[in-house]
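What follows is a set of notes on a single structure, which appears directly below.
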Amino acid sequence: MGLFSKMFGKKEERQGPIKRDLFHIQVGDIVEYDLADYQVVGKLTYHDGGYEWLEYQLQGDRGSRWLSVEMDDELELAVYERIKHKISEPIPDCLVIDGVSYQRSEYGTARVRGEGRGKNVSGEEVRYFDYSDEDEERLLSVEIWGGEVEVSRGKPIEDFEIKIIAGS
């Protein structure tokens with residue numbers, strides 16, 4: 001590019017910071033939660049009939065967490081951590097873990113699309129079972145991937161508890 005082109009040529013438009021919201025977090029973004037930073041290393045999109053929800057795998061100094069985002073009648077957010085707890089099929093309506101009684105609230109089968117670390121489960125079906133305690137302050141998620149049962153414990157959170165920083 002010549003000197004005159006640089007001086008009088010078309011100027012490149014500068015873009016402002018990339019905006020993200022809870023439904024458009026990308027692998028590589030940073031999520032701030034509970035005074036800690038987590039990198040988004042995986043993203044799963046679940047489809048059950050016409051219903052869709054998202055789960056983001058977050059990795060940070062405090063370990064791995066899952067941020068669940070869904071729009072039901074209102075925005076529902078939760079943060080989960082995987083726990084080691086043996087559950088065998090058939091999955092019961094009520095579970096007691098560490099002295100907390102959880103009642104099943106939803107269950108079904110969903111097709112999954114994965115990105116990042118989750119890309120290896122793209123196209124798979126998962127059976128899911130969602131539980132909550134009586135006050136709905138403690139949550140439990142049971143997912144069956146093939147024959148493997150995964151159990152995660154969580155809690156509902158509010159959107160103001162999350163800050164999203166777009167990755168490069």
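The values are calculated or read from the model by the stated rules, or taken from the named source; none is laboratory data. From a predicted model like this one, the values you see are computed outputs, not experimental measurements. Using ideal geometry, Cβ is built from the backbone for each residue, glycine included, and neighbour counts are taken over all protein chains shown. When the accessible area is computed, the model is the full protein with side chains, heavy atoms only, and any ligands, DNA or RNA have been set aside. Shrake-Rupley method; radii C 1.70, N 1.55, O 1.52, S 1.80 Å.
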Problem set entry | Residues of the range 110-125 that turn out to be open to solvent by less than 80 Å² (accessible area, probe 1.4 Å) and outside any strand (DSSP E or B), as a count | 5
For this session: Run E136 past the list (1) open to solvent by 70 Å² or more (accessible area, probe 1.4 Å); (2) closer than 24 Å to Q26 by Cα and report the number of the one that doesn't hold.
Result: (2)
Exercise. Quick one: how many residues across the range 64-83 are within 12 Å of R153 (Cα to Cα) and without any contact (Cβ under 8 Å) to a residue 40 or more places away in the chain?
Worked result: 1
Exercise. Only one of Y102, Y128, Y107 is in a strand (DSSP E or B), of a type in the set (F, W, Y) and open to solvent by 30 Å² or more (accessible area, probe 1.4 Å); which?
Worked result: Y107
Problem set entry | Residue selected from the range 139-168 under the condition without any contact (Cβ under 8 Å) to a residue 40 or more places away in the chain and outside any helix (DSSP H, G or I), by the criterion nearest to E55 (Cα to Cα) | E143
Exercise. How many residues are under 19 Å from E76 (Cα atoms) and in contact (Cβ under 8 Å) with a residue 60 or more places away in the chain when one looks only at the range 123-138?
Worked result: 1
